[in-house]
Structures are given as C-alpha cells and as structure tokens.
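Have a look at the structure below, then the notes.
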Amino acid sequence: MLNFNWMLDGSIVGLYILLSLIVGLLIRKYVKNVDDFLVAGRSVDLYVGMASLAATEFGIITCMAASQLGYKYGFSGATVGILMATIMFTVGKTGFCIEPLRKAGVVTIPEFFEKKFGKKIRWATGVVIVLGGLLNMGVFLRTGGEFLVYVAGLNPHYLEITMTVLLLIVALYTIFGGMLSVLVTDYMQFLLMSVGLILTTFIIFYKLGWNGLFNTVIEKYGVGGLNPFAHPQLGWQYVLYTALVLSATVLTWQTMISRVLSAKNEKVAKKIYTKTSLFYIVRSLIPVIWGVAALSLISLDSVGGAPIKAMPKMLSVLLPSGVIGILVAAMLAADMSTDSSYLLGWASVIYNDILVIFHKNSWEEKKAVFVNRLLVALIGVFLLLYGLWYPLKSDLWVYMTLTATIYSVSVSTLLIAACYWKKSNEWGACAAIITGALTPVSFLIAQQIEVLKPFADKIGPYYSGIASFVFTWIAMIAGSYLKEIILKKEVK
C-alpha cells in the first residue's frame, strides 16, 4: 500500500515547486549581459559554489542509477562515490587543469582550446560536447517520471504530462534568469535535498538496522557485495573504467566546470572542488544504502525484473505520509537543479563555441541573451522528445558513463595536452576528437542492432570504455607527431 497522501504530501511538493518558480523568475531582473546569463558575472563565492555544485550533481537520475548499483552489487556499488571524491579532492588540491582553465577567463572549455589548437578544433569540440551532453541528459526526464510513478503512485498514463510540466517550470526560470537563477534555486534545493536525504536514511536505519542491511548484502553477494574486485560482474575492469570516466568528468563536465569558470578566482575554484569532494561519497553511498534496503524488502519479480524500480517502490511503502512528501519535494528539487544546470551548460557551449562562426562575439547583449534563452528552450524540446522514445539496453549508470565518454574522453585528452604538452597540435586534437567519440557511439549503436548486440555484449561496456581512453591518447600522440614529421620533410 502506498503511503503518499495527495492532500498532505502533494501540497508539500506543489508548494515547493511554486516557490522555486517564483524565486527563479524574480532573479531575471539581474541578468544584464551574456556573462551574467552564463557565468553569473564570475562572482560566485565558495559556499554558493559548493551548494550549487552539490545540488546540480545529485538529481533523481543520479539517485536511481546509484540505487540500482546498490540493488545489483551491494555496497560495492558505492565505489563510484569513493573514486569521485578522491579524484575531485586531488584535482582541487593540485589545481590540475582547472587552475589554468580559470586563469584563462573563458566561458567554456572549447574556447580555451582555440589558442592552442585553432578555431576549427574549438568548433568541433563544441559539437562533440553537445552531442554527448544531450544524449546523456536524454533519459533524465523519463527516469524522474518513473520515480514519481512508483513513489507517489502517479498514474503511468500521466507520466509524459508530468515530465512536460516539470521541464517547463525548470526551463522557464532558467530561460529568464540564466546562471543567476540556477545558483539561487540550487542553494534552496541543496537545503531541502539535505533534509530529505538525511531524514529518509535515518528512517531506513531505524526500521531495518545497519546489521540487517549488511547481512542482506553478505547473504546475496558474499564478499563481492563489499569488494568490487571480488564481484563476478564487476572486477578490476569496472574499477579502472569508472576511475577513468570520473577523472575525465571532473576535468571536463560542463555543469561542473561552469562552477569553476563562474568562481571569483582560481583559488575559490580549487576550494569548491576540495570542499565539495566529500559530498560525492554521500551522493553515492546514500542511494546505494537505499538500493540495499530495497534488496531487503522488494523482490525483482514485483518490479517486472527491473532493479532500477525497486528503490522507489521500497520508499513508497517504508516512509510515512508527510515524510514521503518531503522526500519527493527534495528529489524534485534535486532534479530541477540538475536539469536547469544541464540546460544552461549545453546552451552555453552551443552559443559560445558552435554558433561563434555566426556571431563572432559581436552581437549586442540583448540579442545574445535572447539567443541563449532560445537555445535553452530548444534543448528542452529535444530532451522531452528523446526521453519519450529511447529504450535503455543496459544499466542506467552504464548508459550515463558511456554517453559521457563520447566527449569527456577526447576533451579531457585535449585539455591535459593543451595545459601540459607543448608538442600537441591540431592534428592530434582532431584525431583524438574523432577517435574519442567513435568508440562509445559505435558501442551504443551496436547495442541497438540485433545482429551486433551479441558482439557488443561480449566486449562489454567496461572494456569498450577503457579502449576509448587508450585509443584517444594514441590518436593524440600519433596525430601530433605525424604533423611534426610531415612538416620537417616539407622543410627539407
């Protein structure tokens, strides 16, 4: 029996969504130019940056993906959070790549590449970033809708309508307020999200107990439920693949890097990373615990053999009315924060790096801001249509990481080379972009074609992902040296 009370819990959710919309729209009067719209005038301080980054990087999609890992792999599913926290702290402490990036005063990463590799590479990088980013975000809406179906008892027939309304609300305040609205609403959403996560986790521990959760994992998965290297479905290749993907994400993911580029200076940018790093363990561990709780209470048959649905169904029967309303509001808050940042992130790349050949930074501010707002709206339409028809053929986490590698592999390679390898050039950059995108896209296509699916399954996403990184670096090095060799021959 569902505990969601539409009178009590529905009112909590509706009130918060209305408040977010009003606050987000009120901020629009402070947007005077493109810098205000895209990077909040580069005036973000440490604590606003931390709250905004934490809120952006925890949405329903993240929670569902992590809980699926917990249900399928036990506490080994939390490996993602441990690796992410370690990588973020290291990058923030050393300033690796993000310090020179912030010092350059750019709006996006492709803009940073222009000085080193030229305008064509800037444009090509922008295209790859948008392709990977939009495909990655394409499943956000349906996943969020499915969460509401199972937790709140929403009629599945209204899923598309609910998705459309939520996207419209997020798009409205993002279109009018840009990064300023995103930052303010992120701060609100971070506070509510924290309350919802802590309260829900406390109730799970109170009702099931830590020993109960631990025993469930041992009973189902043995030592593999605690150690990813010992899990038959994970192993070293999973850990290596995850570490590589997360390293590239920390360095290049537009919604994360936008906080670096919006920070007051490089010192604040580095601190945003170091001080937010611990949150990424929580971001992974809490949903994994929820997934393990679902493993204790929900059978796979009761959710149609789909592990991703087990966690929301567990919450719907375990949490009391009132609390479940706070949780749904918190999760929607987190999702709205994620969606708004992603809408703005991809719009900024399209405007700044793909359309730059048309405007060349010469448009008047009103026209530039209008175009950015239009881009946010168009991206919203794409996400709505894509989210309705794309069928997932693997774990949600695997899909998210594979689509992320379409651009993060090549862009992280270019970024490291641009910062620290003097001999890198546009030939190597071009080869890296093509190679970095081709491997994951080929794998995703192979998964959808019946003839190729057995071959794709045999390779698996982990080896495919590792190969992307290896081949991309080989392409960068080979391409750069090839140009040098040819130029030397021409001189002779």
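Taking every protein chain into account, the 1.4 Å probe leaves F89 with about 100 Å² of accessible area, to the nearest ten.
Sort L213, L19 from largest to smallest accessible area, using a 1.4 Å probe on the heavy atoms of the protein chains. Write out the running numbers ahead of the final one.
On the way: L213 0, L19 90 Å².
Of L213, L19, the descending order of accessible area is L19, L213.
Each label point was placed 7 Å from the Cα along the Cα-to-Cβ direction; for N227 and S11 their separation is 5.4 nm.
For K93, the accessible area of its heavy atoms, probed at 1.4 Å with every protein chain present, is near 140 square angstrom. For K483, a cut-off of 30 angstrom between C-alpha atoms picks up these lysines, skipping any fewer than 8 places away in its own chain: K103, K115, K116, K119, K120, K360, K422, K423, K492.
Measure off, as a whole percent, the carbon and sulfur share of the 1.4 Å-probe accessible area of the range 219-271, all protein chains present.
The computed percentage sits at 57.
Indicate the gyration tensor shape class of the range 231-328 (rounded, prolate or oblate), computed on the Cα atoms with a ≥ b ≥ c the square roots of the eigenvalues: a/c under 1.5 is rounded; otherwise a/b larger than b/c is prolate and the rest oblate.
Numbers: a/c = 3.14, a/b = 1.59, b/c = 1.97.
It is oblate, given that a/c is not under 1.5 and a/b is not larger than b/c.
Residue by residue, the range 214-225 carries 3J(HN,Hα) couplings of 4, 5, 4, 5, 5, 5, 7, 10, x, 5, x, x Hz when phi is fed to the Karplus relation 6.51 cos²θ - 1.76 cosθ + 1.60 (θ = phi - 60°); x denotes Gly or Pro.
Could you state the number of Å between the C-alpha centres of the range 463-492 and the range 220-290? For the range 220-290 versus the range 463-492, the Cα centre distance is 29 Å.
Considering only lysines 8 or more places apart in sequence, or on different chains, count the pairs in the range 181-324 whose C-alpha atoms sit under 25 Å apart. Walk me through the numbers before you get to the answer.
On the way: K207/K220; K207/K309; K207/K313; K220/K309; K220/K313; K264/K275; K267/K275.
Taking the Cα cut-off of 25 Å, the pair count is 7.
In this label model, L385 and K267 are separated by 4.9 nm, measuring between points 7 Å along each Cα→Cβ vector. Ordering K453, K207, K366 by accessible surface, largest first, gives K366, K207, K453; the 1.4 Å probe counts only protein heavy atoms, with every chain in place.
Note that the range 290-360 presents 24 Å² accessible area per residue, ligands and nucleic acids not counted, probe 1.4 Å.
Taking amide H as placed 1.01 Å from N in the peptide plane, the amide H of L226 sits under 5 Å from that of S76, each at least 5 places away or on another chain. Once you have a ≥ b ≥ c as the square roots of the Cα gyration tensor eigenvalues for the range 59-106, tell me rounded if a/c is under 1.5, and otherwise prolate or oblate according to whether a/b is larger than b/c. Oblate, since a/c reaches 1.5 and b/c is not below a/b. With a Förster radius of 51 Å applied to the C-beta separation of E219 and Y420, the computed FRET efficiency comes to 0.60.
Listed by chain and number, the lysines whose alpha-carbon sits under 17 Å from that of K366, ignoring those within fewer than 8 places in the same chain, are K29, K32. Pull out a ≥ b ≥ c, the square roots of the eigenvalues of the alpha-carbon gyration tensor of the range 189-245, then state rounded if a/c is under 1.5, prolate if not and a/b is larger than b/c, and oblate in the remaining case. Because a/c hits 1.5 or more and a/b fails to exceed b/c, the range 189-245 counts as oblate.
Can you sort Y241, Y150 by solvent-accessible area, 1.4 Å probe, largest first? Mind showing how you got there, number by number?
Values: Y241 0, Y150 60 Å².
Ranked from most to least accessible, the order is Y150, Y241.
Does a label point 7 Å from the Cα of Y206, set along Cα-to-beta-carbon, have any residues of the range 279-311 with amide nitrogen under 17 Å, and which are they? Only 290 pass the distance filter.
The values are calculated or read from the model by the stated rules, or taken from the named source; none is laboratory data. Everything quoted here is computed from the prediction, not taken from an experiment. Here the Cβ is made from the backbone with ideal geometry for all residues, glycine too, and neighbour counts use every protein chain on show. We work out accessible area using only protein heavy atoms, side chains counted, and drop any ligands, DNA or RNA first. Shrake-Rupley method; radii C 1.70, N 1.55, O 1.52, S 1.80 Å.
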